[in-house]
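Shown next, in structure tokens, is the structure this report addresses.
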Amino acid sequence: MILSDLRILEEIEKGTIKIEPYNRADLGSNSYDVHLGKWLATYTDAVLDAKSHNKIEYFEIPEDGFVLQPSGFYLGVTMEYTETHAHVPFLEGKSSTGRLGIDIHATAGKGDVGFCGNWTLEISCKQPVRVYTGMPIGQLIYFPVDGEIEVKYNQKTNAKYSGQPNKPIESMMWKNKF
């Protein structure tokens with residue numbers, strides 16, 4: 001079951017969902033539109049290593065936009081800071097974004113109860129496409145949780161992505177033991 005617009009509004013009022021900045025016009029019938037923040041990042045090395053801390057370089061999207069290349073992989077970030085304390089948030093692409101050939105996440109579309117931060121986007125594209133700061137990039141949908149949560153994500157000592165800032169965050173796979 002997905003929360004409706006009225007339920008999302010109720011949860012915002014209760015404080016179990018927080019979206020900043022919030023704009024009522026971005027609330028759909030069962031989702032909330034999020035926008036591309038001003039920062040993108042790319043990995044500095046051509047070959048990434050899952051056991052190593054792979055470094056990234058940040059750059060701002062210019063006012064006249066930035067052309068994503070199909071050969072590239074970009075980390076982006078949402079303008080919106082969100083908190084979700086009683087539901088499972090999912091970030092999905094908008095149909096308008098998909099129709100431009102833009103994928104906004106490789107695998108990480110689901111958040112956890114207790115996620116607090118800006119969402120890092122894992123962006124790739126099918127053909128060159130110009131993107132802009134503030135453009136609608138995705139939509140958040142919320143699912144209720146069945147049962148009690150023992151430890152929320154923002155309370156876990158090993159939560160690698162809690163409190164993400166308004167800049168993309170690189171993979172923290174290297175923090176895992178394997």
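At-a-glance table
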| read-out | value |
| --- | --- |
| Test for Thr133: is it touching a residue at least 24 places away in the same chain (Cβ under 8 Å), assigned to a loop (DSSP other than H, G, I, E, B), surrounded by 17 or more Cβ atoms within 10 Å (Cβ to Cβ) and polar (S, T, N, Q) | yes |
| Filter result (β-branched (Val, Ile, Thr) and within 14 Å of the chain's Cα centre (by Cα)) within segment 67-96 | Val77, Thr78, Thr82, Thr84, Val88 |
| Boolean, Val113 is surrounded by fewer than 20 Cβ atoms within 10 Å (Cβ to Cβ), assigned to a strand (DSSP E or B), β-branched (Val, Ile, Thr) and under 16 Å from the mean Cα position of the chain (by Cα) | no |
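Rule-based calculations on the coordinates, nothing more; no lab input. Small disclaimer: the values here were computed from a predicted structure and weren't measured. Using ideal geometry, Cβ is built from the backbone for each residue, glycine included, and neighbour counts are taken over all protein chains shown.
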